[in-house]
Each structure stands twice: as structure tokens, then as C-alpha cells.
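Working notes, beginning with the structure itself.
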Amino acid sequence: MLGALLLLFIGPFIHASAQNVDPVYNYCKRFAHQSTVKNGFLWIDGGTQVYIHSNDYGSTTGQPVIGPNTAIIGISMTRDWNWTADIEEHEYYKYNGRTSLGNKIPMVARAGLVGGGAGDNNIYLFGGTTLSVNSSFTPNPLPDSESYFMWAFDTGLHTWTEYLGDRLGATALSKPNSGASAEAPDQAMAFYIGGQIDAGSSLATQGLGQSFMISGMMVISTSNQSGINVSTAGVSRFPRTRGEAVYLSNVGKYGGLVLLGGIQQSLRDTSFDGKVDLVSLGTVDIFDIGSLQLQLHNNTNQSLSQSQQPQSPIWYQQNATGDVPAARMNFCAIYVAAPDNSSHQIYIYGGRDHTQFFDDVYVLTMPAFVWVRLYQNDSVRAFHRCHLVGVGNGQSQMLSVGGTNDTDFEKGCDWEDKGVAIYNLNTGEWGPAYEAHAPAYVVPDRILNITGGT
């Protein structure tokens with residue numbers, strides 16, 4: 001069953017505790033985590049991790065141990081580094097920590113993690129599921145209370161604060177995981193589209209025998225931790241999960257969201273029993289943020305409420321042509337605009353379908369809505385995250401974070417033994433080195449040769 005995908009494993013995992021395995025020093029692979037870039041750091045939170053005694057470019061010693069990632073990890077993005085030599089990872093452990101109200105710090109997977117608006121030191125974690133992949137691992141966290149939907153991590157003080165779900169329009173049955181998350185940091189807004197509910201979603205859902213998918217989009221103000229639910233009926237009558245969403249900041253007054261890929265399921269089918277369809281990447285779904293009819297800016301003091309939900313949120317569907325990628329889920333995506341704002345590109349990397357994993361990079365260039373394949377190889381990866389990185393105008397690199405190459409976790413460790421890699425958008429090459437002050441992004445000739453323009 002697809003819903004039990006990350007619970008499947010038959011192999012020699014042994015008993016371990018967070019005290020004798022470390023998320024950084026015993027890294028084998030980490031997947032289904034969440035990450036964001038904020039205040040000059042990449043922050044990696046949660047997910048499932050396979051621990052090993054040592055991992056040297058995928059060559060390992062010791063027995064693998066599976067469990068939750070027990071720390072939030074920070075990596076500086078203001079200095080150059082090479083993951084084979086001088087990368088520095090800072091850990092802030094969760095297993096003995098408490099929130100501002102005395103609750104346990106969540107250890108969840110497949111959640112949303114966003115950076116919030118300018119001047120906000122917090123990053124915000126919302127949704128997610130607690131995966132019981134190894135009952136012998138200590139701690140073996142239980143699902144969180146349904147009362148809480150969102151948590152904030154202060155990147156300066158390294159403390160956690162929780163927020164009640166009712167302020168966000170959330171309930172025990174609207175605390176999803178595996179949805180498509182995106183953020184508009186210039187408007188202090190976050191978005192979470194679709195997803196699923198399962199036994200790890202909250203204490204109230206522990207008895208669920210199957211996962212079920214949900215529709216709708218949650219819109220969250222990170223400036224005052226309030227939210228509303230917005231209909232997605234304008235884009236599909238089917239619930240959707242395991243896709244990707246990106247924020248187009250340079251389009252229109254308020255920008256837009258682009259929703260890509262994933263799987264969808266009939267509303268009449270309430271469980272993952274194989275009756276799911278991959279969503280074609282030949283169709284692109286676009287949400288007009290301006291249709292929310294709200295004053296969206298990062299210093300608003302107005303709380304969102306359900307009464308502010310637009311009567312008819314505007315969704316568009318656009319056909320895409322060119323070298324359309326195979327339909328997939330659990331991939332990653334980033335957005336970047338041409339220097340003169342004349343075109344816009346969405347890069348996607350990796351992912352999987354029902355039978356295979358992918359190692360490829362495609363770009364969707366707009367407004368032509370043409371797909372171009374830029375890279376393909378055999379080092380497959382899914383359940384990972386990606387970010388556009390670089391200081392100032394030097395954002396011309398795609399950072400890949402974590403992932404796995406198979407649903408059989410015994411199949412070796414991540415050969416990128418720090419769990420990160422860099423794809424240079426200007427040259428189309430992968431490498432281990434990050435350049436903080438890289439040259440500005442330019443639209444690659446392989447795109448311009450097809451679409452024209454600059």
C-alpha cells in the first residue's frame with residue numbers, strides 16, 4: 001500500500017537510542033524530512049533517518065539503525081563550502097527538549113517548513129506525521145496532540161513554540177502530511193495544498209487503519225500565526241498529495257502558486273489501496289494569490305479568519321509542451337526568474353513513480369510553458385528537498401537535501417555522505433561545492449534555443 005510506503009522494511013535494524021546514534025555523525029540517509037533556508041542557514045528538520053557507524057561516500061561499516069531524525073540541523077549558506085571537505089553542520093537536539101508550554105518537541109516527517117517574513121527569526125513547522133518505523137528506537141515518539149498544528153523554531157535562541165490548531169482553522173482531521181507546501185516570504189504567507197491523514201497525524205487519528213487523502217489548501221499568516229482553508233475545487237475534484245508547489249514572486253501584484261505532479265485519488269476512495277493516479281506534468285495548475293482578496297504583506301496585524309475566504313478562489317490550468325517529464329511524485333522543485341523578468345523557470349529534480357526512481361533535471365520555462373530536459377543519469381533520488389541558494393543576486397544554484405534511492409532501506413547509504421549536493425543552474429553540472437557569492441542566474445542557452453528570448 002502506498003500509505004504504508006515508509007513503514008516497509010525487513011532487515012537487520014537493531015535497537016538504538018538517540019543517545020548513542022547521532023543524526024550528523026552517524027548519517028546513512030535521511031528522507032521524508034522538511035527543510036528551508038532562513039537567516040543565512042539551511043535548516044533541516046525531522047524525517048526518517050537511517051543511522052550507521054560510519055559512511056564514507058556510501059561505503060559503510062556497522063549495522064543500520066532506522067529511527068526519527070532527532071535534531072534540527074543548521075548549515076551556513078553565507079560562506080563557501082565543499083561537502084567532501086569543510087561543511088559544518090550544527091545540531092539542536094529535540095529528544096530531551098520542551099516547547100514554551102512544556103510539551104515535547106515534535107519529531108515529524110512529510111511536514112511543511114517555511115522561513116516566515118523579513119525580520120522574523122522564526123521558521124515554522126506545520127502538519128506532518130509521526131512515523132513508527134522502529135519500535136525499538138528510543139525515543140519512539142507518539143503522535144502529537146490534535147490541539148497543535150504549527151510550531152515555531154527561533155533560529156537565534158534555538159527554542160520552540162507551539163500554536164493551537166483552531167487559530168489556523170485546523171482540526172484533528174485537517175492536520176495533513178505529504179502535501180505540497182510553498183511560501184511567499186515577502187508577504188509572510190505560507191501555503192499547504194492537499195496531503196493525507198494517517199495514524200501518525202495526531203493522537204485522535206492513531207486508530208486509522210488506512211491513510212486517506214484530503215483536498216483544499218491551508219493559507220497561513222506567519223506574522224500572526226492565523227490561517228484559513230481555501231477550496232481547490234477550481235483545479236481538481238480529486239484530493240492530491242506528494243506533489244510540489246512553488247511561489248512565483250515576480251508575477252502580478254501578489255504573485256502566484258504553481259502546483260505540479262504528485263498523485264490524486266477519487267473522493268469516493270478513502271484509502272490507499274492502489275487506486276491512485278499519477279498527475280501528468282503536461283498540465284500545470286496555477287493559483288492567483290490576489291484572488292484571496294486580502295491585504296497580504298509582512299507587517300499586517302490582521303488575523304486571517306474563515307470569513308475572509310474568497311468566494312471563488314481563482315485557479316487556472318495550463319497545458320505544457322516540449323519534453324514533458326514522466327509523471328512522478330516525491331520530487332523537488334525550485335523557481336527562478338530571468339534577470340530582466342522576461343521569463344520564469346521552474347526546475348524539478350528526481351522523484352519516483354509506482355515502479356522506478358528518477359535521476360533527472362527538467363525545467364519548465366514560462367510564459368511559453370515548455371519543458372526542457374537538462375540532465376539525466378542513474379544516481380536516483382526521491383523523498384528529498386531542494387532550494388534555490390546563494391547570497392544576494394548570486395542565486396544560481398539548486399541545493400538538494402537528503403533523499404533515498406529505493407524503498408528498500410537496506411540498499412546502501414547515501415553516497416553524498418553529508419546529504420547535500422549542488423546543481424549549478426548556469427552550467428547544468430552537479431558538484432559538491434557551494435559558492436555563496438556565485439554569479440547571477442542567466443537563462444541557459446539550451447532553454448533559449450527552444451523558446452527564444454533572453
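A few notes on this one:
- Residue-level analysis places residue 101 among those that are surrounded by fewer than 23 Cβ atoms within 10 Å (Cβ to Cβ), in a loop (DSSP other than H, G, I, E, B) and either touching a residue at least 12 places away in the same chain (Cβ under 8 Å) or touching a Ser or Thr at 6+ places or on another chain (Cβ under 9 Å) (or both).
- Filter pass, residue 355 being of a type in the set (Val, Ile, Thr) and at pLDDT 95 or above: no
- All of 453, 412 fail the test of being modelled with pLDDT under 95, small (Gly, Ala, Ser), more than 27 Å from residue 320 (Cα to Cα) and assigned to a loop (DSSP other than H, G, I, E, B), apart from 412.
- Residues of the stretch 391-405 include at least one that is touching a Ser or Thr at 6+ places or on another chain (Cβ under 7 Å) and either surrounded by fewer than 19 Cβ atoms within 10 Å (Cβ to Cβ) or free of Cβ contacts under 8 Å to residues at least 60 places away in the same chain (or both).
- Checked against (1) over 22 Å from residue 277 (Cα atoms); (2) crowded, with 23+ Cβ neighbours inside 10 Å, residue 350 meets all criteria but (1).
- Residue that is farthest from residue 332 (Cα to Cα) [pool: residues in the stretch 357-403 that are within 22 Å of the chain's Cα centre (by Cα) and among the small types (Gly, Ala, Ser)]: 390
- Just one of (1) touching a residue at least 40 places away in the same chain (Cβ under 8 Å); (2) closer than 20 Å to residue 395 by Cα fails for residue 106. It is (2).
- Condition met for residue 354 (over 20 Å from residue 257 (Cα atoms) and touching a residue at least 40 places away in the same chain (Cβ under 8 Å)): yes
- Residues that are in contact with a Lys or Arg (Cβ under 8 Å, 6 or more places away or on another chain) and more than 17 Å from residue 122 (Cα to Cα) were ranked within the stretch 213-226; the one that is surrounded by the most Cβ atoms within 10 Å (Cβ to Cβ) is 213.
- Of the residues making up the stretch 435-454, those that are surrounded by 13 or more Cβ atoms within 10 Å (Cβ to Cβ), over 19 Å from residue 85 (Cβ atoms) and among the hydrophobic types (A, V, I, L, M, F, W, C) number 5.
- The residue that is surrounded by the fewest Cβ atoms within 10 Å (Cβ to Cβ), among those in the stretch 261-287 that are modelled with pLDDT under 90 and not in a loop (DSSP other than H, G, I, E, B), is 277.
- Hits in the stretch 131-158 - residues which are closer than 15 Å to residue 70 by Cα and in a strand (DSSP E or B): 137, 138, 153
- Residues that are assigned to a loop (DSSP other than H, G, I, E, B) and either under 24 Å from residue 399 (Cβ atoms) or among the aromatic types (Phe, Trp, Tyr) (or both) within the stretch 44-76 comprise 46, 47, 52, 57, 58, 69, 70, listed in sequence order.
- Residue 412 fulfils the conditions (1) surrounded by 14 or more Cβ atoms within 10 Å (Cβ to Cβ); (2) within 23 Å of residue 376 (Cα to Cα); (3) under 23 Å from the mean Cα position of the chain (by Cα) except for a single criterion, (3).
- In the stretch 111-132, the residues that are more than 22 Å from residue 74 (Cβ to Cβ) and surrounded by fewer than 20 Cβ atoms within 10 Å (Cβ to Cβ): 132
- Selection within the stretch 415-434 - over 30 Å from residue 60 (Cβ atoms) and either surrounded by 20 or more Cβ atoms within 10 Å (Cβ to Cβ) or in contact with a strand residue (DSSP E or B) (Cβ under 7 Å, 6 or more places away or on another chain) (or both): 425, 428
- With a requirement of 1 or more residues that are at pLDDT 85 or above and under 18 Å from the mean Cα position of the chain (by Cα), the strands (runs of 3 or more DSSP E) lying completely within the stretch 209-253 that satisfy it span 217-221, 244-248.
- The stretch 109-126, subset in a loop (DSSP other than H, G, I, E, B) and touching a strand residue (DSSP E or B) at 6+ places or on another chain (Cβ under 6 Å), residue modelled with the lowest pLDDT: 116
- Residue match in the stretch 363-374 (condition: within 19 Å of residue 83 (Cβ to Cβ) and either in contact with a Leu (Cβ under 6 Å, 6 or more places away or on another chain) or surrounded by 15 or more Cβ atoms within 10 Å (Cβ to Cβ) (or both)): no
- Which listed residue is outside any loop (DSSP other than H, G, I, E, B), modelled with pLDDT of 80 or more and surrounded by fewer than 24 Cβ atoms within 10 Å (Cβ to Cβ), from 163, 95, 192: 163
The values are calculated or read from the model by the stated rules, or taken from the named source; none is laboratory data. A quick note: this is a predicted structure, and the numbers were derived from the prediction, not measured. Cβ coordinates were reconstructed from backbone atoms using ideal geometry, including for glycine residues, and neighbour counts include every protein chain displayed.
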